[in-house]
Amino acid sequence: MTLSTAGRLILDLAVIVTLARLLGAAARRLGQPAVIGEIIGGILLGPTLFHGELTQALFPAEVRPSLKFVADVGVCVFMFLVGLGLDRGLLTGQGRLAVTVSLSSTALPFGLGALLALYLLGDHPASHELAFVLFLGTAMSVTAFPVLARILTDKGLIRTPIGGVALAVAAIDDVLAWSLLAAVAALAGGAANPWLVVLALPYAAVMLWAVRPLLARLAERRAAAAGGRAAGAAVLIAVPAGLWLSATVTDRLGLHLIFGAFLFGAVLPRTGAPRLRRRALPLVERVSSAVLLPVFFMIAGLNVDLSSMNATACAELGLILLVAIGGKFGGAFLSARAIGVRPRHSVVLGVLINTRGLTELIVLTVGLQVGVLDRRLYSLMVVMALITTAMAGVVLRFVYPPERVRQDLAAQDRTAGEAATEAEDLSGGSATKTTDPTGGPAAAAGPHPPLRQERS
């Protein structure tokens, strides 16, 4: 009995989701984020094993367009959630440190990646050499904000001062990476009419400075009129429609669907429709992580072929890892030390922002789609994304052991208690000036133990 296309699609989805759940659970048991196992699952379903025979049997040509559509929906929903989760409050009290580290940890790997691209052009000729050079620099500069947040939570670092700094750096890195990738996609000739790309900047400006305030006023008005109860139904209709419209606009401008999805998430109001945020968004996140993203991993894995790895490919992988890890770590460590952050915390920061994960995979997929990467180099870059994400949890056990984390958290609690006691003793509305690790005003959320070295 031959399955229909719809039946085959349902079967494929079941296989993908089951494998993703099993390998994700295995990764968590090994102390790794679930995304490691899910990406490996995508590679295992690709042509790396059995010369692609398994891939052909599981995913015949007639169902691949449908799977690609589901993957595109998944990555757009993910990017929408990333944009929605960007928190400008992360920079409160530590903006100078976060911005400095982010710029240096983006500039150094970008420059090294561009130099590596010039070397690799001999074996990986590109139709647009400048786009290839800029893309490889961009790919080396990525930090995965969502995966990093999960690692910090799992390791108990989310409340530590260095964890907060790492999150802020990763958030800025994300914005820089998407901006650079948009420029590369436009340069690679993704638009039928290249002049349409010029409209991307005015579109982003309209979304940030016109649509965002308008949506905020509408959400507040709707929530006030409905008492926060009926607002959810209206927003449930408006959010998918706005997401689709914004993704379509950037796609028509010659960029990519993900940029519109990310931008719409970034401009969506954080207040208003509390019922929607409490009930609908967690459901969307669960559907995205359990069903949609595993399909994206599978589609990405179909383009990864490691079966023909030879000495040349291994040497190229070694160079890629050296540039990727060394560039991010060196940029973060050196800039943090220059500001005065303690050596141990500087090392931890360099390790954390080397996390690439799903964000890197999205960047690489875009590069493959616009023709900047060939499949051989794409495969090596996916391996780099896996290694740099997996190494964070392993290295942290040695450079930032649990007992040191507990000491920092205890110091933070003591500092917060002392600040509260001091505030109670103040009279006449005066306040004692405190400083954050960067030397600026202390964070409104409460003082942190010093990351900077004591000065004699």
*Could you grab me the full set of residues in the stretch 305-324 that are open to solvent by 70 Å² or more (accessible area, probe 1.4 Å) and under 22 Å from residue 142 (Cβ atoms)?*
322
_Out of 86, 13, sole residue that is under 27 Å from residue 255 (Cβ atoms) and either among the hydrophobic types (A, V, I, L, M, F, W, C) or surrounded by 19 or more Cβ atoms within 10 Å (Cβ to Cβ) (or both)_ = 86
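Every residue, every condition in (1) touching a residue at least 40 places away in the same chain (Cβ under 8 Å); (2) under 20 Å from the mean Cα position of the chain (by Cα); (3) crowded, with 21+ Cβ neighbours inside 10 Å; (4) under 26 Å from residue 310 (Cβ atoms), yes or no:
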site	(1), (2), (3), (4)
375	yes, no, no, yes
385	yes, yes, yes, yes
389	yes, yes, yes, yes
401	no, no, no, no
404	yes, no, no, no
_Between 367, 393, 371, which is open to solvent by 10 Å² or more (accessible area, probe 1.4 Å), of a type outside the set (Val, Ile, Thr) and either modelled with pLDDT under 90 or in a helix (DSSP H, G or I) (or both)?_
371
*asked:* Return the residues of the stretch 330-363 that are outside any helix (DSSP H, G or I), within 17 Å of the chain's Cα centre (by Cα) and not polar (S, T, N, Q); say none if nothing qualifies.
replied: 353, 356
*Might you check whether a residue that is among the hydroxyl-bearing types (Ser, Thr, Tyr), touching a His at 6+ places or on another chain (Cβ under 7 Å) and at pLDDT 65 or above occurs anywhere in the stretch 249-271?*
yes
*Hits in the stretch 129-165 (condition: among the hydrophobic types (A, V, I, L, M, F, W, C), closer than 29 Å to residue 250 by Cβ, in a helix (DSSP H, G or I) and open to solvent by less than 30 Å² (accessible area, probe 1.4 Å))*: 131, 132, 133, 135, 136, 139, 140, 145, 147, 148, 149
_Condition check for residue 23: open to solvent by 40 Å² or more (accessible area, probe 1.4 Å) and under 21 Å from the mean Cα position of the chain (by Cα)_ = yes
_Exactly one condition in (1) surrounded by 15 or more Cβ atoms within 10 Å (Cβ to Cβ); (2) over 30 Å from residue 316 (Cα atoms) is false for residue 69; which is it?_
(1)
*Do the conditions hold for residue 199, that is, is it at pLDDT 75 or above and open to solvent by 80 Å² or more (accessible area, probe 1.4 Å)?*
yes
*For residue 117, state whether it is open to solvent by less than 10 Å² (accessible area, probe 1.4 Å) and free of Cβ contacts under 8 Å to residues at least 60 places away in the same chain.*
yes
*Looking at (1) part of a helix (DSSP H, G or I); (2) modelled with pLDDT of 85 or more, can you tell me which one residue 47 breaks?*
(1)
_Residue pairs meeting the criteria (Cβ under 6 Å; at least 6 apart or on separate chains; first touching a residue at least 24 places away in the same chain (Cβ under 8 Å), in the stretch 37-57; second part of a helix (DSSP H, G or I) and not hydrophobic (A, V, I, L, M, F, W, C))_ = 38/24; 38/294; 42/301; 43/301; 45/301; 46/55; 46/301; 47/55
*asked:* Give all pairs with beta carbons closer than 8 Å in which a residue from the stretch 322-341 that is modelled with pLDDT under 95 meets a residue that is open to solvent by 10 Å² or more (accessible area, probe 1.4 Å) and of a type in the set (Lys, Arg); count only pairs at least 6 apart in sequence or on separate chains.
replied: 339/96; 339/452; 340/452; 341/452
*asked:* Quick check on the stretch 96-128: of everything there that is more than 20 Å from residue 178 (Cα to Cα) and either assigned to a helix (DSSP H, G or I) or among the basic types (Lys, Arg) (or both), which residue is modelled with the lowest pLDDT?
replied: 96
*Residue pairs meeting the criteria (Cβ under 7 Å; at least 6 apart or on separate chains; first over 13 Å from residue 45 (Cβ atoms), in the stretch 4-15; second modelled with pLDDT of 85 or more and open to solvent by 70 Å² or more (accessible area, probe 1.4 Å))*: 5/62
*Does residue 111 qualify as being farther than 21 Å from residue 166 by Cβ, within 17 Å of the chain's Cα centre (by Cα) and in contact (Cβ under 8 Å) with a residue 24 or more places away in the chain?*
no
_Quick test for you: out of 32, 56, pick the one residue that is at pLDDT below 90, in a helix (DSSP H, G or I) and among the polar types (S, T, N, Q)._
56
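The values are calculated or read from the model by the stated rules, or taken from the named source; none is laboratory data. In this text the structure is predicted, and so the values were computed from the model without any measurement. Heads up, the Cβs are rebuilt from the backbone with ideal geometry, glycines too, and the neighbour counts pull from every protein chain shown. We work out accessible area using only protein heavy atoms, side chains counted, and drop any ligands, DNA or RNA first. Shrake-Rupley method; radii C 1.70, N 1.55, O 1.52, S 1.80 Å.
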